[in-house]
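Undergrad: Please read through the structure below; I'll follow up with questions.
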Amino acid sequence: MSASSPASSDDRVTDRADAAADGGAAAAAAAAAAAAAVRSAAVVNAEIRALWGRAGGALSPAEQEHYQRLLVEWAAAVRADVVEAA
């Protein structure tokens with residue numbers, strides 16, 4: 001009975017590793033889709049300005065997270081513009 005226990009444990013570890021790999025593939029696909037649908041830097045900048053305008057100078061934790069995502073999106077848009085220009 002103890003011989004089957006480690007095999008069961010190994011199977012669970014393998015299953016978790018497979019699930020993590022599947023999740024990584026899904027995340028990569030989502031990132032690729034997001035990159036393909038990048039909004040312009042001007043549009044993202046307008047959203048950033050609106051966020052700060054509504055916040056009155058202090059962002060809540062949820063707004064800070066949103067702001068960080070917008071910054072990443074803005075940087076991607078700027079990079080895409082530079083690549084297009086080159």
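The values are calculated or read from the model by the stated rules, or taken from the named source; none is laboratory data. Keep in mind it's a predicted model, so treat the numbers as computed, not measured. No Cβ is skipped: glycine too gets one built from the backbone with ideal geometry, and neighbour counts run over all protein chains shown. Note: accessible area is taken over every heavy atom of the protein model, side chains too, but ligands, DNA and RNA are not part of it. Shrake-Rupley method; radii C 1.70, N 1.55, O 1.52, S 1.80 Å.
Undergrad: Just checking, does the range 42-52 include any residue being touching a helix residue (DSSP H, G or I) at 6+ places or on another chain (Cβ under 9 Å), surrounded by 10 or more Cβ atoms within 10 Å (Cβ to Cβ), modelled with pLDDT of 95 or more and not in a helix (DSSP H, G or I)? Lay out the reasoning, then the answer.
TA: Step one: filter the range 42-52 for residues touching a helix residue (DSSP H, G or I) at 6+ places or on another chain (Cβ under 9 Å), giving 42-45, 47-48, 51-52.
Narrowing the set further to residues that are surrounded by 10 or more Cβ atoms within 10 Å (Cβ to Cβ) leaves 42-45, 47-48, 51-52.
Narrowing further to those that are modelled with pLDDT of 95 or more: 42-45, 47-48, 51-52.
Checking the rest, the ones that are also not in a helix (DSSP H, G or I) come to none.
No, because not a single residue in the range 42-52 is touching a helix residue (DSSP H, G or I) at 6+ places or on another chain (Cβ under 9 Å), surrounded by 10 or more Cβ atoms within 10 Å (Cβ to Cβ), modelled with pLDDT of 95 or more and not in a helix (DSSP H, G or I).
Undergrad: Show the residue pairs that are 6+ apart or on different chains and have beta-carbon atoms under 7 Å apart, the first residue being within the range 38-65 and in contact (Cβ under 8 Å) with a residue 40 or more places away in the chain and among the hydrophobic types (A, V, I, L, M, F, W, C), the second being part of a helix (DSSP H, G or I) and open to solvent by 60 Å² or more (accessible area, probe 1.4 Å).
TA: Matching pairs, first to second residue: A41/W74; A41/D81.
Undergrad: Please enumerate the residues belonging to the range 53-77 that are open to solvent by 50 Å² or more (accessible area, probe 1.4 Å) and either touching a Lys or Arg at 6+ places or on another chain (Cβ under 6 Å) or of a type in the set (A, V, I, L, M) (or both).
TA: Within the range 53-77, A58, A62, L71, V72 qualify.
Undergrad: Same structure again: Go through the range 53-65 and give me each residue that's in contact with a Leu (Cβ under 8 Å, 6 or more places away or on another chain) and either assigned to a helix (DSSP H, G or I) or of a type in the set (D, E) (or both).
TA: The one that is in contact with a Leu (Cβ under 8 Å, 6 or more places away or on another chain) and either assigned to a helix (DSSP H, G or I) or of a type in the set (D, E) (or both): E63.
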